[in-house]
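Computed from the coordinates by the stated procedures, all read-outs in this text should not be read as laboratory data. Since the model is a prediction, treat every value here as computed from it, not as a measurement. Here the Cβ positions follow ideal geometry from the backbone for every residue, glycine too, while neighbour counts run over all protein chains shown.
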Amino acid sequence: MTTVQAYQGYFQADGRFIADIPTTKLPTMRRVIVNILEDEIVKPIEVARQQKAERLKKILDDALKVENNLTDDEWGDLENIRGKTNSGMTRTVNL
C-alpha cells in the first residue's frame, strides 16, 4: 500500500522548496508529484511583518481612543503618578 504525504510551500528562484512549516523535514529518495497553483505565494516573513504591523496599529488605536477621552484633570493626575508608579521600572511591548 502506498502512502501519500502532502506538503505546502513554495519554490524559490533557485529551485529550493520552502515549506510553510519551517520545521518540516521532507523525505529524500522518494517519488514526487508536484502540482503548481496559479496564485502567488506571500512569503511567511511578509505575513509575520504584516501581522505585527496590525497588532501595533491596534495598540496605538486603542491608546488614542483612551487618550482622547481623558480630561485635563485626569491628564494632570496621570502626570503626577507616572513618576511614582514607573520608578525603577522599564516597560516593553512585545509584538
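Give, as a single signed number, the net charge of other residues whose beta carbon lies under 12 Å from the beta carbon of residue 58, with Lys and Arg counted +1 and Asp and Glu -1. So the environment of residue 58 carries a net charge of +1.
When 72, 20 are sorted by how many other C-beta atoms sit within 10 angstrom of their C-beta, beginning with the fewest, the order is 72, 20.
Value of Rg to Rh for segment 9-82, rounded to two decimals, is 1.37; Kirkwood radius and Rg both from alpha-carbon coordinates. For segment 1-62, trypsin sites (Lys or Arg not before Pro) are listed when DSSP marks them as loop and at most 16 other Cβ atoms sit within 10 Å of their Cβ; the list is 16, 25, 30, 31. Backbone amide hydrogens, once placed in the peptide plane, bring residue 9 within less than 5 Å of 20, excluding anything fewer than 5 places away on its chain. By the rule of a C-alpha distance below 17 Å, with chain neighbours fewer than 8 residues away ignored, the aspartates and glutamates paired with residue 58 are 67.
With a sphere of radius 15 Å drawn around the Cβ of residue 26, what net charge do the other residues whose Cβ falls strictly inside it have (Lys, Arg +1; Asp, Glu -1)?
Values: positive: 16, 25, 30, 31; negative: 20.
Net charge in that neighbourhood comes out at +3.
With one equal scatterer per alpha carbon and no solvent term, the Debye-computed log10 I(q)/I(0) for segment 1-44 at 0.27, 0.34 1/Å reads -1.30, -1.56.
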